[in-house]
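Enquirer: Below is the structure I would like to discuss, written out as structure tokens.
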Amino acid sequence: MPRLAPGRPEGASGSAAAMPYSVCMFRRGDPTLLACAVLAVGAVGVALVLQHAFDMRPCAWCTFQRLLFLLVAVLALAGWALGRVRGAAAACAALAGLVAVGGVWAALHQQFVAAQAQSCAFTLADRVLMNTRLDEFLPWLFEATASCSEANVALLGLPFALWSAALFVVLALLAGRAALRARPPAPAARPAV
């Protein structure tokens, strides 16, 4: 008697039926959302390497942007995982896009407003991190150890905050595209009688 994959009815055929569960489980939604999640997590990874290996200390707005990148990643992954549920995937993608737009604002605010001030203390970014206590629970990820003016460092000739803003723009565009592609089809119009 041949061994069947778990949950496969006897005599099941076809390409999907022949695939083991480990492959079927990764056939989810729009790969654009998966790319969003990978880019967002990659951005946080680069920031952590720069912080811990190259002593590039983050300010409150830097760590707030890390939080936004991680929120984009979680929402994009949820949208990808729920890809077969079109309305849920579209909602997750749209929320990821909105968070990314908020990230554009946060990065531009850091570059053009906060970096001009001597302190980031008690700004929106600082209050969010203090109220959620993320800086206490995950200090290696969310603790701000520099002022905004000190954290205004160039990377390849461009301020780090502008690199962040550019990536948030890319994420917003990708998430918006995925949201439009995942939205449920409009109901067909009834013919006039």
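Enquirer: Are any of the residues in region 34-52 surrounded by fewer than 16 Cβ atoms within 10 Å (Cβ to Cβ), without any contact (Cβ under 8 Å) to a residue 60 or more places away in the chain and within 10 Å of the chain's Cα centre (by Cα)?
Expert: Checked against the condition, which is being surrounded by fewer than 16 Cβ atoms within 10 Å (Cβ to Cβ), without any contact (Cβ under 8 Å) to a residue 60 or more places away in the chain and within 10 Å of the chain's Cα centre (by Cα), region 34-52 yields at least one hit.
Enquirer: When you go through ALA144, ALA186, ALA161 one by one, which is the residue that is part of a loop (DSSP other than H, G, I, E, B) and more than 25 Å from CYS92 (Cβ to Cβ)?
Expert: Just a single option satisfies the conditions, and that option is ALA144.
Enquirer: Which ones in region 144-162 are modelled with pLDDT of 90 or more and either surrounded by fewer than 18 Cβ atoms within 10 Å (Cβ to Cβ) or more than 23 Å from the chain's Cα centre (by Cα) (or both)?
Expert: LEU158, LEU162
Enquirer: Restricting attention to region 79-86, does a residue exist that is under 12 Å from ALA179 (Cβ atoms) and surrounded by fewer than 20 Cβ atoms within 10 Å (Cβ to Cβ)?
Expert: The answer is yes; a qualifying residue exists.
Enquirer: Sort out which residues of region 124-141 are without any contact (Cβ under 8 Å) to a residue 40 or more places away in the chain and either open to solvent by less than 60 Å² (accessible area, probe 1.4 Å) or part of a loop (DSSP other than H, G, I, E, B) (or both), and write them in order of number.
Expert: If the condition is that a residue be without any contact (Cβ under 8 Å) to a residue 40 or more places away in the chain and either open to solvent by less than 60 Å² (accessible area, probe 1.4 Å) or part of a loop (DSSP other than H, G, I, E, B) (or both), then ARG133, LEU138, PRO139 are the ones that fit.
Enquirer: Something else about it: Looking at GLY103, is it within 18 Å of LEU48 (Cα to Cα), crowded, with 23+ Cβ neighbours inside 10 Å and in contact (Cβ under 8 Å) with a residue 24 or more places away in the chain?
Expert: yes
Enquirer: Which of the residues spanning region 78-118 are part of a loop (DSSP other than H, G, I, E, B) and either within 23 Å of VAL153 (Cβ to Cβ) or among the hydrophobic types (A, V, I, L, M, F, W, C) (or both)?
Expert: Once the filter is applied, which keeps residues that are part of a loop (DSSP other than H, G, I, E, B) and either within 23 Å of VAL153 (Cβ to Cβ) or among the hydrophobic types (A, V, I, L, M, F, W, C) (or both), region 78-118 yields LEU82, VAL85, VAL113, ALA117, GLN118.
Enquirer: Let me ask another. Scan region 40-77 residue by residue and report those that are among the charged types (D, E, K, R) and at pLDDT 95 or above.
Expert: Quick first cut of region 40-77, residues among the charged types (D, E, K, R) only: 55, 57, 66.
Within region 40-77, just ARG66 meets the criteria.
Enquirer: Checking the condition more than 19 Å from the chain's Cα centre (by Cα), surrounded by fewer than 16 Cβ atoms within 10 Å (Cβ to Cβ), modelled with pLDDT under 85 and farther than 24 Å from ASP55 by Cα, which residue from ALA121, ALA188 passes?
Expert: Only one candidate qualifies: ALA188.
The values are calculated or read from the model by the stated rules, or taken from the named source; none is laboratory data. Computed from a predicted model, the values in this text were never measured in an experiment. All Cβ positions, glycine included, derive from the backbone under ideal geometry; neighbour counts span all protein chains shown. Just the protein is used for accessible areas: all its heavy atoms, side chains included, with ligands, DNA and RNA removed. Shrake-Rupley method; radii C 1.70, N 1.55, O 1.52, S 1.80 Å.
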